[in-house]
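Novice: Quick one: the structure is below, questions incoming.
Where a number appears in this text, it was derived from the coordinates with a stated rule and is not lab data. As the structure is a prediction and not an experimental result, all values here were calculated from the model. Every residue, glycine among them, receives a Cβ derived from its backbone with ideal geometry; neighbour counts consider all protein chains shown.
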Amino acid sequence: MRQSTPVHPARIKARPPHAGPGQSIGLLGGSFNPPHVAHRLISEVALKRLGLDKVWWVVSPGNPLKKRSETAPLAERMQLGRAMATNPHIVVTDFEADLPSPYTASTLAFLKARSPLVRFVWIMGADNLATFDRWQRWREIFTMVPVVVVDRPGWRLKALASKPARAFASSRIPETEAATLATRPAPAWTFLTGPLSHLSSTAIRNQAKARRQSVAKKTQTHPDMSWKKAKATTAQTV
C-alpha cells in the first residue's frame, strides 16, 4: 500500500481552524454541493455520541469523483454552509483549497503533521462508506484516523456489506463504545444510528434543475420543514 508523502506545514499556506492539544475534532469532508440538513444531523450525532469538541465541515474545492461543471463556486458553497451550520460547535472551512492535493489522505496527512496532539476523527454517512473503495488510498485513510459512519436512509445494509466494511471488520467497535473512538489508535471505526434525513445534495440539485431554480434558492426555501421531518424520523437499530 502506497503511503502518503509527509507534508511540512510550514511549506503550505493552508490555515485550518484552530484546535488545541488534546481536543477531539470531527472532520466531515465533501463538496457540500449544496449543504443540507442531513450534513448537520450527521455532525450533531457525531458531536454528541463521540464527545467531540468541534466538527469541521471541510468544503472541498472540487470532488475528484464528480464533474466540475456540476459544482457550484466554492464561495457560494461556503456561504450556504455557514447558513446551514447553525450549531456553534460546527465550523465551516475551505482550507483544503490551499492544499497541493485534493485527496482526503493528503488532507489528513497535513492535519496530523500540523497538529500532532489533536485527535482527528473522519466522519462519513453510510452512503459514502458503501462506495468508499472508489476513493484514492481509502485503506490508508482507515489507518490514519478513527472513522465514524452515521446511518443514512436505505444505506445501512449496503454500507455494512461494502468492501471497506469487510476489509476492516476486525477494527469495528460496538456502537455502545462510540464515546471511546476518538482516543483509540487507528484503525478503529464504528457505525452510529441517529435521526435520519432523506435529503441529499444530488436530490436538491435535481429538484432545482427541474424547477429552474438556483441551488442556493432551493436550499434556503424550506430549511425548517426539512429539519422537522428529519428529527421526526425514528432511529433504526443495527
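Novice: Go through the stretch 25-107 and name the trypsin sites (Lys or Arg not before Pro) that are in a DSSP coil and have 16 or fewer other Cβ atoms within 10 Å of their Cβ.
Specialist: For trypsin sites (Lys or Arg not before Pro) across the stretch 25-107 that sit outside H, G, I, E and B with at most 16 neighbouring Cβ atoms in 10 Å, the list reads Lys66, Lys67.
Novice: Here is a further query. With the contact rule set at Cα under 8 Å and sequence spacing of 6 or more, what percent relative contact order holds for the stretch 19-134?
Specialist: 38 percent
Novice: Using label points projected 7 Å from each Cα along Cα→Cβ, tell me how many nm separate Asp133 and Gln79, to one decimal.
Specialist: 4.2 nm
Novice: Only counting other Cβ atoms within 10 Å, I'd like His18, His39 sorted with the fewest neighbours first.
Specialist: His18, His39
Novice: Still on this structure, I have one more. How long are the semi-axes of the equivalent ellipsoid of the stretch 64-144, defined as square roots of 5 times the Cα gyration tensor eigenvalues? Whole Å, largest first.
Specialist: Over the Cα atoms of the stretch 64-144, the semi-axes work out to 21, 18, 14 Å.
Novice: Hey, could you get me the Stokes-Einstein D for the stretch 15-172, Kirkwood radius over alpha-carbon pairs, 4 °C and 1.567 mPa s, rounded to whole µm² s⁻¹?
Specialist: Stokes-Einstein gives a translational diffusion coefficient of 81 µm²/s.
Novice: Also, I was wondering about something else. Structure shown: which of Lys13/Lys54; Lys112/Lys158; Lys13/Lys158; Lys112/Lys163 lie over 29 Å apart, alpha-carbon to alpha-carbon?
Specialist: Lys112/Lys158; Lys13/Lys158
Novice: Follow-up. How much length is gained if the chain between Thr86 and Asp98 is pulled fully straight, taking 0.36 nm per residue apart and subtracting their Cα-Cα distance, in nm to one decimal?
Specialist: 1.8 nm
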